[in-house]
Amino acid sequence: MFLRFKKEVLKMLKVDERFVKESDHADLACTIAFKLAKEQKRSPQEIAEELVAELEPREYVGSIEVVNGYINFFVSEEFLEDTIDLILDQDYDYGSPRLKGEVLVEHTSANPDGPLHIGHIRNSIIGDTIARIMKKAGLNVRTQYYVNDMGRQIAITALGYRRFGIDESKKPDHAVVEAYIKMNKELERNPELEREVEDLMIRYERGDEEAIELFREVVELALEGIKETLQRLNVQHDEFVWESEFIRNGYVDRILKMLDEKGLLKKDGAWMIDLSDLGYEKPVVVRRENGTTLYVTRDLAYHLWKNENFERFINVLGADHKLIGKQLQDILKLLGLKPPEIVFFEFVSLPEGSMSTRKGKFISADELIEKVYEEARKIVEGREELSDEEKDHIAKAVAVGALRFDFVKIAPEKPMVFDWQKALDFERQTASYIQYSHARCCSILRKAVESGMPDLDFRGDLCTPLERKLVVLLSKFSYIVLRVVNELKPNIFADYLLKVANTFNDFYRDHPVLKAESELRMHRLAIVDATRIVLRNGLELLGIEPLERM
RNA sequence: GGGCCCGUGGCUCAGCAUGGAUAGAGCGACGGCCUUCUAAGCCGUAGGUCGCGGGUUCAAAUCCCGCCGGGUCCGCCA
């Protein structure tokens, strides 16, 4: 709805979109007069007044005023009424800007050599949230986990698995990483084993059956554990795509042929692409002297496949992939293919330094989830009216919410230092605050039903300034969704939802609902119900369960 | 050495793309509010040279240049 208001404002003014912005002083504010002031050598105020004199309020633009050169626009009562009607009418569907298109989101894609750690889940949470928001926007979204089954570290894991076996009593990913860590130590002690690693990698790429079976077994084990963790976090993948598939299905050969035909390959024993014209110091090797391919080669093949199937493809990658990511984009462009859009996120480190799976220096996602759950459980214990089962359910939802929100609210480009104390401090958990606000809405509506639910009837003319503010905020849902789709910054949405919860709690404080008389009661119940729908739909986009009581 | 990212009250962050009206939240601190729709809530107070120095502009947290501090990348690894 807010999008329509903005469109009307733009149509009235006939100015470029960038001069119209959100503001604390108005629903939308225009700064064009400042620009014109310079050219015309007149005061911004004068120009703004002149511009406004020619404008007539329309359907959704209720009033216009000029202050200090700003042209401030306010929504009409009709706008407020249509917003509430739309929300109540669309319910679960509310909030979509109704886009069309085929989109692929690739995220997480952690090496299958052990459990996900707290750095990996930053990737999962950003990726999953983007995917959810794009789906909401109406796009046809598929999510994939790219399984790096051909790497050196998987060969090492496979060797460790064969040599030491694994502890079957443990969750499989945690068991696999033990073999990986042990094998790494073994390699340090005995560098001769290096040849075995290399040999195994070559055999796997050439399609040696025994090697394939070994890799498959160990990778499946790791993935089994990883999938369980992802499920706990409400992170969904439609498919797990194995890197080695692109060797076997011919895409690697095709991409190499394309590179060759474009004259991009320098074959000097190894095959490489010279990117010095684009400012890269070193060439990118796509085929080793021994005939095997590299990670980037398979990734190029994967992106050839993406080009054939999707209009937009988005990768969520750690900042350590920046160089290789840019090279991938540039090579694809040279081939006349579409490059992926990449969301880079900075590292999550521990107070004592960066994490390392190889050295066993990491905090696993499972451990974090468990501890946060225990903490949430302590708080829920205080609610005597709830059954044990309900308490458990609420604690789980609150824990996952706290965790997901903690990661998604921070802009991806910010480095994070993990802190146990903060992760477990529920005083600062904003997710449960939003869940709580939603539960409050539900509670009011439950009581209203008990005492005979009246018809909901929102009236623009009954709105207090705060109610007006809340409804305008509710109208921005699809506008915010669209922003995330365009800018790929899911933290914008987290911020928005927090603002909705905040404003609702302000409303709750000094606007009695159930005690209000007749039409005011109907009016406010409509606001509560609409807020409930926005909070519920919004929490779902963040992968957080909207609880009805807590 | 070169590239990229980050640097905003004691702490964690938003705002920076497209410069504009008093720099916003949360935690922590201090003081208040449960006979009134869930106190996982609300209200109030204190706390800021927006890393530093220049520049552009009527106007800079936001744009440009130079520094400083932290992170990260620069393999025929992934």
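In this structure the amide hydrogen of A:VAL286, modeled in the peptide plane, comes within under 5 Å of the amide hydrogens of A:TRP271, A:MET272, A:ILE273, none closer than 5 places in sequence on its chain. Given +1 at the Cβ of Lys and Arg, -1 at the Cβ of Asp and Glu and no other charges, the dipole of the range A:2-75 around its Cα centre is 320 debye to the nearest 20. Taking 0.36 nm per residue of sequence separation and removing the Cα-Cα distance, the A:LEU55/A:SER518 pair yields an extension gain of 162.9 nm. Here chain A exposes an accessible surface that is 47 percent carbon and sulfur, computed with a 1.4 Å probe and the other protein chains kept in place.
Placing unit charges on the Cβ atoms only, positive for Lys and Arg and negative for Asp and Glu, gives the range A:138-292 a dipole magnitude near 280 debye about its Cα centre.
Specify the angular offset, from 0 to 90 degrees and rounded to the nearest 10, of the alpha carbon long axis of helix A:518-541 from the longest principal axis of the alpha carbons in chain A. Approximately 10 degrees, to the nearest 10.
Since only A:LEU99, A:VAL484, A:PRO340 are under comparison, the one whose Cα sits farthest along the positive direction of the charge dipole of chain A, derived from C-beta charges on Lys, Arg, Asp and Glu, is A:PRO340. If you take all C-alpha pairs in chain A, what percent of them are over 40 Å apart? Summing the P(r) of chain A above 40 Å gives 38 percent of all pairs. Restricting the GluC sites (Glu not before Pro) of the range A:74-173 to loop positions (DSSP other than H, G, I, E, B) with no more than 13 neighbouring Cβ atoms within 10 Å leaves A:GLU168. Taking the Cα atoms only, what angle lies between the long axis of helix A:465-475 and the longest principal axis of chain A, rounded to 10 degrees? Helix A:465-475 and the main axis of chain A meet at about 40 degrees. For the residue pairs A:LYS422/A:LYS499; A:LYS6/A:LYS322; A:LYS359/A:LYS414, alpha carbon separations beyond 27 Å are given by A:LYS6/A:LYS322.
Would you mind classifying the range A:365-541 by shape? Square roots of the alpha carbon gyration tensor eigenvalues, ordered a ≥ b ≥ c; an a/c under 1.5 is rounded, otherwise it is prolate if a/b is larger than b/c and oblate if not. Oblate shape, in that a/c is at least 1.5 and b/c is the bigger or equal ratio. In summary, the range A:201-342 shows an alpha-carbon radius of gyration equal to 1.14 times the 2.2 N^0.38 Å reference for compact globular proteins. Here the contact order of chain A, divided by its residue count and restricted to Cα pairs under 8 Å and six or more residues apart, works out to 18 percent.
Here the range A:98-170 is treated with +1 on each Lys and Arg Cβ and -1 on each Asp and Glu Cβ, and its dipole about the Cα centre works out to around 340 debye. Size descriptors for the range A:107-349, from the alpha-carbon set: Rg then Dmax equal 18.5, 55 Å.
Each residue of the range A:203-218 was assigned a 3J(HN,Hα) from its phi angle through the Karplus curve 6.51 cos²θ - 1.76 cosθ + 1.60 (θ = phi - 60°); the sequence is 5, 5, 5, 6, x, 4, 4, 5, 4, 4, 4, 4, 4, 4, 4, 6 Hz, with glycine and proline shown as x.
For A:SER354 and A:ASP91, the FRET efficiency from 1/(1 + (r/R0)^6), where r spans their Cβ atoms and R0 equals 56 Å, is about 0.75. For chain A, the longest principal axis of the C-alpha atoms and the axis of helix A:251-261 are separated by about 90°.
Write out the chymotrypsin sites (Phe, Trp or Tyr not before Pro) in the range A:238-291 meeting two conditions: DSSP loop, and at most 15 other Cβ atoms within 10 Å of their Cβ. Of the chymotrypsin sites (Phe, Trp or Tyr not before Pro), the ones in loops of the range A:238-291 whose Cβ has at most 15 other Cβ atoms within 10 Å are A:TYR280. Per residue, the accessible area of chain A comes to 46 Å² when a 1.4 Å probe rolls over the protein heavy atoms. Among the trypsin sites (Lys or Arg not before Pro) in the range A:296-363, those placed in a DSSP loop whose Cβ has at most 12 other Cβ atoms within 10 Å are A:LYS359. Taking all Cα pairs closer than 8 Å and separated by 6 or more residues, the relative contact order of the range A:107-349 comes to 21 percent.
The values are calculated or read from the model by the stated rules, or taken from the named source; none is laboratory data. Quick caveat: nothing in here was measured; it's all calculated off a predicted structure. No Cβ is skipped: glycine too gets one built from the backbone with ideal geometry, and neighbour counts run over all protein chains shown. Side chains included, ligands, DNA and RNA excluded: accessible areas come from the protein's heavy atoms. Shrake-Rupley method; radii C 1.70, N 1.55, O 1.52, S 1.80 Å.
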